[in-house]
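The values are calculated or read from the model by the stated rules, or taken from the named source; none is laboratory data. Keep in mind that this is a model prediction, so the values were computed, not measured. Glycine also receives a Cβ, built like all others from the backbone with ideal geometry; neighbour counts cover every protein chain displayed. The area values use the complete protein model at the heavy-atom level, side chains included, leaving out ligands, DNA and RNA. Shrake-Rupley method; radii C 1.70, N 1.55, O 1.52, S 1.80 Å.
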Amino acid sequence: RHRLRPQAAFCAARNRHLSGTQRMQQFKDKVAVITGAAGALGMALAARFAGEGMRLALADVDAAALAKTEKQLKAAGAQVVSLPVDVSQLADIKALAELALATWGGVHVVCNNAGVAPLGPVWESTSADWDWVLGVNLRGVINGVQVFTPLLLAQNEGHIVNTASVAGLVSPPGMGAYAVSKHAVVALSECLYHDLLQAKTAVRCSVLCPAYFPSGIADSERNRPARLHYDGGKSPARQAQEAGLHRAVQSGKLSADDIAGATLQAVIEERFWILTHPKILGAVRMRMEDVLAGRNPTDPLGVKS
């Protein structure tokens, strides 16, 4: 029950590399840690992993929303503990790991998923913007990797999923700070992948790069810390980009559950790239071709799939 069958696409060389190591062969009674768990994607990830029989350790900066999420999952039969966490603070992530270990005795899947999205022309991004977005989107992933990877290595089993974005593969206008953070998450994840292979461990990692889907990312300002209050004033360009993000997010064709399902499948397949929106891949390809040809950048928002 709940056994994960290797996919036909697994190559023989990779299987030989893993010979003698313990691959994660089942989810039942294992433990998933998820940050940003009170958001649409975090909740969907939690529900998916709980559906596979996993126990959950959930974290979010919004304590009230997190408590509601925990209550809903428990009502559905999931085994859950939660902790309000600011992922930009290493001590908070350590406390989350301690909670998971003390309650469930281990950690097996780690989803570094918390994220925020301040928008606007790059020159309008304030120091507070940069501190906030890099603290959550990048430092939060760094902290998760730093704290949880040694635990997974010690048991020679587990999988790390870092939530980036298609904005980690292309660089749209109005998303300077956000794209910087997500490009960095992609780079961090690629390096982590190679480091894990060199360590000859069964631990694997993936990077999740979705495009728009209905979520609360456009309203992430609600959770901005008071110490990082935005006081730069909103230009017409910034207001227009924020309004555009709201429209794009709500018009997304895939749901958070679709994204979570693709993530679960990638963990099953031990697949690094989780690219959930095929129509955006034309823009990714165009950027790579621009780089290789030495061309000036093409606006990814204008590229047809």
Item checked: Accessible solvent surface per residue of the chain, calculated while the other protein chains remain in place, 1.4 angstrom probe, Å² -> 46 Å²
Note to self: If DNA, RNA and ligands are ignored and the probe is 1.4 Å, what is the ranking of THR298, THR201 by accessible area, most exposed first?
What the structure shows: THR298, THR201
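What does the helix-only formula give at 222 nm for the chain: each DSSP H stretch with n ≥ 4 adding -39500 (n - 2.57), the total divided by the residues, and the result rounded to the nearest 500 deg cm²/dmol?
Numbers: 10 runs with 134 residues, N = 305.
For the chain, the value works out to -14000 deg cm²/dmol.
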Checklist line | Rounded to 10°, Cα long-axis angle of helix 90-104 versus longest principal axis of the chain | finding: 30 degrees
Checklist line | Net lengthening on full extension, ARG285/TRP123 (0.36 nm per residue, minus Cα-Cα) | finding: 55.6 nm
Notebook entry, point to check: With all protein chains present, how much of the accessible area of the chain (probe radius 1.4 Å) comes from carbon and sulfur, to the nearest whole percent?
Noted result: 56 percent
Check: So how do SER251, SER206 rank on accessible area, 1.4 Å probe, biggest first, that is with the largest at the start?
Finding: SER251, SER206
Check: Tell me which lysines have Cα within less than 18 Å of LYS74's Cα, excluding those fewer than 8 residues away on the same chain?
Finding: LYS28, LYS30
Check: By how many nm would the segment from GLN89 to HIS229 grow when fully extended, if each residue of separation counts as 0.36 nm and the alpha-carbon distance is taken off?
Finding: 48.6 nm
Checklist line | Antiparallel bridges, percent of DSSP beta bridges restricted to the chain (to nearest 5) | finding: 5 percent
Notebook entry, point to check: Under a point spin-label approximation (7 Å from Cα along Cα-to-Cβ), what is the ARG222-TRP130 distance to one decimal in nm?
Noted result: 2.9 nm
Next item on the list: Specify which labelled value, from (1) 56, 47, 32; (2) 66, 46, 30; (3) 129, 40, 37, agrees with Cα extents along the principal axes in Å derived from the coordinates of the model shown.
Entry: (1)
Next item on the list: Using label points projected 7 Å from each Cα along Cα→Cβ, tell me how many nm separate ALA199 and ALA237, to one decimal.
Entry: 4.2 nm
Notebook entry, point to check: Leaving out ligands, DNA and RNA but keeping every protein chain, what accessible area does ARG238 have, in Å² rounded to the nearest 10, with a 1.4 Å probe?
Noted result: 0 Å²
Check: Hey, with R₀ at 35 Å, roughly what FRET efficiency would ALA102 and ALA248 work out to, going by the Cβ-Cβ distance, to 0.05?
Finding: 0.30
Item checked: Shape category assigned to the stretch 113-203 from the gyration tensor of Cα positions, a/c cut at 1.5 -> prolate
Checklist line | 0 to 90° range, to nearest 10: angle between helix 176-198 axis and the chain longest Cα axis | finding: 30 degrees
Checklist line | Peptide ranges 261-270, 188-197, 68-77 listed from the most packed, as the mean C-beta count within 10 angstrom indicates | finding: 261-270, 188-197, 68-77
Check: Against the longest principal axis of the chain, how steep is helix 256-269, in degrees 0 to 90 to the nearest 10, with axes from Cα atoms?
Finding: 50 degrees
